[in-house]
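Here's the structure we're looking at; comments come further down.
The values are calculated or read from the model by the stated rules, or taken from the named source; none is laboratory data. Not measured: the values here are computed from a predicted model. Cβ placement follows ideal geometry from the backbone for every residue including glycine, while neighbour counts extend to all protein chains displayed. Surface accessibility is based on the protein's heavy atoms, side chains included, excluding ligands, DNA and RNA. Shrake-Rupley method; radii C 1.70, N 1.55, O 1.52, S 1.80 Å.
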Amino acid sequence: MLSVFGSGIGRGIAIGKAYVLRQSDIQTPHYQIDKKDITKEATRLRNAVLDTKSKYKSLLKSLPSSAPKESAAFIDAHMMMLSDPLLIDESIKIIKSEFINAEHALMQQSGNLVKVFEQMQDPYLRAKKTDVEHVTNRLLRSLMGIVSHSLDEFNDEDLKGKIVISKDLTPAETMFVKERKIVSFVTDLGSQISHTAIVARSLKMPAVVGLHGATKYISDDDLLVVDGLRGTILINPSEGVLKEYKQRLSKIRLREKQLSTLTKKTSKTVDGKRIQLMANVETSKELPAVKKSNAAGIGLYRTEYLFMNRSKAPTEQEQFRAYKRIVTAVERPVIIRTLDIGGDKRLDFNYPNKKSSESPLGLRAVRLCLNHVEVFKPQLRAILRASAFGKVSIMIPMISNIDEVDQVLSLIKQTKAELRSENIDYDSRVKVGGMIEVPAAAIMSDILAKKLDFLSIGTNDLIQYTLAIDRVDDAVNYLYDPIHPAVLQLIRLVIKAGNRAQIPVSLCGEMAGNVKYTRLLLALGLRNFSMDANYVLDVKEQIMGVNTDDLKGLAKKVISANSPIEAKERLAVLNGAMRVN
Ligand code: PEP
Ligand code: MG
């Protein structure tokens, strides 16, 4: 038996056979061919077209019923492109005229088409560039016999019951892992705080990421035990070890049963302080877990997932239907966050400033929305329309200055006026809050609090930006530290600003759902938490065992630590796990 370690996700255990997805970093061969080999090269390309077409067909068949209709249209568009003479026939002409291999010719012609599409005025046609790139990639992989790491190329039967081993998985791919009956995944890259990890947690799927190449020790059909809590993977364990893990699995189920007895209990501390526990959701699939947790509502609805795995953005009407579905199903307050695309949350289709948005410091989230009101406006209309069906609030992500808040508030005002003139219902008292994710916003939270109805601390990003580490880069993963004194000082600053302005302050980063930090956050004065629904009862259990009087003075100790290590020691005292001076 061999064990390898990475960053664990979730607290469950998965046992199953490995299915290794090969990496897709394509090094295209470029070489000259003899005249006599022209037909052979052309045939290779035509065969690659047939092979890719049949892969698309099986992909269409295996689409889960819950996949958006757009996903099928997306695949159809790619199949059509495979029959387009501009891509294939022209590539064959290049093979014949330049005596070069099929891959090289295809790359050349694809590059020509990409250039043409890039120059188009019409945004729809410009977006076709991405389709050309997708299709070219698939053809190249077929020509070179490379099995892709992209999950959507594998059929359900191969993946069923398997633990998928991959270099990386995107958040968009992760959305479908459960429907494809995958039991767990293991990746070389990634971190516990990436959106891939967040989606896996919401699906209750144990996984291990950031293995730094250790996946090379795993082969197809190896028997694996993936321990999400400890971040370990056991390769071909003995019968005895397997038995031990099966027992641990039963214990986990028993613990869940015990926790469920807290569902109906009020979330309050021993000294009677009510603490609001809300849920974070990415899609409506998580609603059963939200109901089960009896969360007070949805504190963060990540709308960007509605935009993934499709060929173009959802229309206002489609967004309205999705938001209304959530609002009416939850029957409790719902905070809808406006589009937070960018960073690791990548979309398949082209949109303005896409490249910049994919950098964590780029034109993403509210920046992108304000620079492209044509993208933002339909969403604002859809959210406002959904507000007629329940208690809806709007939340703005990644604010870095007050002007952004002013601009969003003015756009909301303008949108309301338009809806009124069209006789469309909306809730005129919709509250507008802002996420504090950028250190500048935390420092200026007193000013922001004067304009906003509530604040929500997005610690996932706040930690990333405060400590200057990319949250998805496993090389700097070790520096990601929620209790770094600098982070804690910012959190305290925001809570105090909210209290002074008498507006609610919530915390909706992954930290909110980690019981290790519950006492600390209470000690810092936090009274509203929003987290993955699967962790609500764990946090409630902690809260019900705390007397906030006992926490007085302790937060100060952690926050005034000189180093992250000192903060960790002091947190242990706060949690009652050990005693130091
Ligand atoms: C955060 O940054 O803490 C947050 C909740 O938003 P996201 O994880 O979607 O960036
Ligand atoms: Mg964020």
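For the reader, a short list of remarks on this structure follows.
- Calculated accessible area for the stretch 263-547 comes out at 38 Å² per residue, all protein chains present (probe 1.4 Å; ligands, DNA, RNA ignored).
- Modelled FRET efficiency - R0 60 Å, Arg46 with Thr315, Cβ distances, 0.05 increments: 0.95
- Square roots of 5 times each gyration tensor eigenvalue, C-alpha, the stretch 71-230, largest first, Å: 36, 18, 14
- Scanning residues 5 or more positions from Ile335 or on other chains, those with amide H under 5 Å from its amide H are Ile298, Gly299, Leu300, Tyr301, Ser393, with H placed 1.01 Å from N in the peptide plane.
- Distance (nanometres) between label positions extended 7 Å along Cα→Cβ at Asp425 and Ser560: 5.5
- Simple point charges give the picture: +1 on the Cβ of Lys and Arg, -1 on the Cβ of Asp and Glu, and for the chain a dipole about the Cα centre of about 2040 debye.
- Estimated FRET transfer efficiency (Ala388, Lys216; beta-carbon r; R0 60 Å; 0.05): 0.65
- Farthest positive-ward along the stretch 250-294 dipole, Cα basis, beta-carbon charges - from Ala279, Thr263, Asn294: Thr263
- Restricting attention to the chain, close to 35% of DSSP beta bridges with both partner residues there are antiparallel.
- Distance between the pseudo-spin-label points of Ala475 and Glu418 (7 Å out from Cα toward the beta carbon): 4.4 nm.
- Accessible surface, the stretch 35-144, averaged per residue in Å² (probe 1.4 Å): 52
- Under the Karplus curve 6.51 cos²θ - 1.76 cosθ + 1.60, θ = phi - 60°, whole-Hz ³J(HN,Hα) for the stretch 404-412, x wherever Gly or Pro sits: 4, 4, 4, 5, 5, 4, 6, 5, 5
- For Val20, the residues whose modelled amide H falls within less than 5 Å of its own, excluding neighbours fewer than 5 places apart on the same chain, are Ile165, Asp220, Asp221.
- Applying the Karplus relation 6.51 cos²θ - 1.76 cosθ + 1.60 with θ = phi - 60° to the stretch 396-403 yields 3J(HN,Hα) values of 9, x, 6, 5, 10, 7, 5, 4 Hz, where x marks Gly and Pro.
- Label sites at Arg230 and Ala329, each approximated as a point 7 angstrom past Cα along Cα to Cβ, lie 3.6 nm apart.
- Sorting the segments 260-270, 533-543 by their mean number of nearby beta carbons within 10 angstrom, highest to lowest, gives 533-543, 260-270.
- Full extension of the chain between Asp84 and Lys516 yields a length gain of 149.9 nm, computed as 0.36 nm times the residue separation minus the alpha carbon distance.
- Ordering Ile13, Thr466, Thr232 by the projection of their Cα atoms onto the charge dipole of the chain, which places +1 on the Cβ of Lys and Arg and -1 on the Cβ of Asp and Glu, puts Ile13 at the extreme positive end.
- Angle in degrees between helix 373-386 and the longest Cα principal axis of the chain, rounded to the nearest 10: 50
- The angle between the Cα long axis of helix 564-574 and the main principal axis of the chain comes to about 50°, on a 0 to 90 degree scale.
- The calculated FRET efficiency for the pair Glu256 and Ser97, based on their C-beta separation and a Förster distance of 60 Å, comes to about 0.35.
- The fraction of accessible area contributed by carbon and sulfur in the chain is 53 percent, rounded to a whole number (1.4 Å probe; ligands and nucleic acids excluded).
- For the chain, the alpha-carbon radius of gyration amounts to 1.03 times the rule-of-thumb value 2.2 N^0.38 Å expected for a compact globular protein.
- Lys, Arg +1 and Asp, Glu -1 on Cβ, resulting dipole of the stretch 263-547 about Cα centre, debye, nearest 20: 1000
- Computed packing ranks the peptides 31-38, 303-310 as 303-310, 31-38, most packed first, by mean other Cβ atoms within 10 Å.
- Between the C-alpha center of the stretch 220-281 and that of the stretch 322-357 there is a gap of 29 Å.
- Gain in span if fully extended, His372 to Ala572, counting 0.36 nm per residue against the direct Cα distance: 67.3 nm
- Distance histogram for the stretch 263-547 (every C-alpha pair counted, 10 angstrom bins, percent rounded to whole numbers): 7, 29, 38, 22, 4, 0
- Gain on full extension, evaluated as 0.36 nm per residue between Lys264 and Lys355 minus their Cα-Cα distance, stands at 28.1 nm.
- The chain: angle of helix 69-82 to the longest principal axis, Cα-based, in degrees nearest 10: 20
- Under-22-angstrom lysine pairs by C-alpha in the stretch 268-351, whenever the two are 8 or more apart or on separate chains: 9
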